[in-house]
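Report on one structure; see the data block that follows.
The values are calculated or read from the model by the stated rules, or taken from the named source; none is laboratory data. Worth saying up front: this structure is predicted, and the values here are computed from it rather than measured. Because the Cβ atoms are built from the backbone with ideal geometry, glycine has one as well, and the counts that use them run over all protein chains shown. Note: areas computed on protein heavy atoms with side chains; ligands, DNA, RNA excluded. Shrake-Rupley method; radii C 1.70, N 1.55, O 1.52, S 1.80 Å.
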Amino acid sequence: DRIEGSEYDAAMVENLKRLFARDFRADAPAGADQRLQDGNDRDRSMYLNLQRLMSRLPAPRKVIVWAATTHVAKNLATVSGSEGVVSFGSYVHREFGDRAFALGFSAYSGSYAMTGQPLRQLSAAPGDSLDGRAIAEAKSYLSLSELRKMGAIPGRALGAGFKTARWDEVVDGMVVFQQERAPEFVRR
């Protein structure tokens, strides 16, 4: 609270306070889903950071935010297992409406890894999944209208496992890679 400095320093301090508030909760209600609350707080913090950054840009402005599909999703309310999740993208779409575009990413097969964890393989997507249908039709991009036509269908855009969703309600377009490749971590 006593750090003084530039506007940038103040923004970093506010962001750090939000991080500490998530990591050191003293007021968590009994029985509350801590993981859900932490995730929602993280996405809200991402949105507050975007607002601050955008306020510093001259109008008119166009901003591209690159993040995981689970964060940029415009609505996760109808996705099984994501009940109660309030994504960064939902705030963006609430503020900007049709002027915002959420682009999702998924993969038919490949591998992935998280920091400090071993490489994991993705099974090939079933033919009746979003990913399987896209690859079978030789499409690497699915538009909003194509997603809408598919209806509720399993896809793995929100993680390594498959979740059934109306993907047109989650994103505005989807890129489906034939093969995902895990990052190579370089130690320096």
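Values computed for the structure shown
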item: Pairs, first farther than 16 Å from E95 by Cα in the stretch 55-66, second open to solvent by 80 Å² or more (accessible area, probe 1.4 Å) and part of a loop (DSSP other than H, G, I, E, B), C-beta under 7 Å, six or more apart; result: none
item: Residue check for R22: in contact with an Asp or Glu (Cβ under 6 Å, 6 or more places away or on another chain) and either open to solvent by 80 Å² or more (accessible area, probe 1.4 Å) or modelled with pLDDT under 85 (or both); result: yes
item: Long-range neighbours under 6 Å by Cβ, at least six apart or interchain, first residue at negative phi within the stretch 169-188, second acidic (D, E); result: V176/D131
item: Which listed residue, of V85, V72, is among the β-branched types (V, I, T) and in contact with a Leu (Cβ under 6 Å, 6 or more places away or on another chain); result: V85
item: Residue satisfying condition, being under 20 Å from the mean Cα position of the chain (by Cα), hydroxyl-bearing (S, T, Y) and over 30 Å from A11 (Cβ atoms), within set T70, T78, T115; result: T78
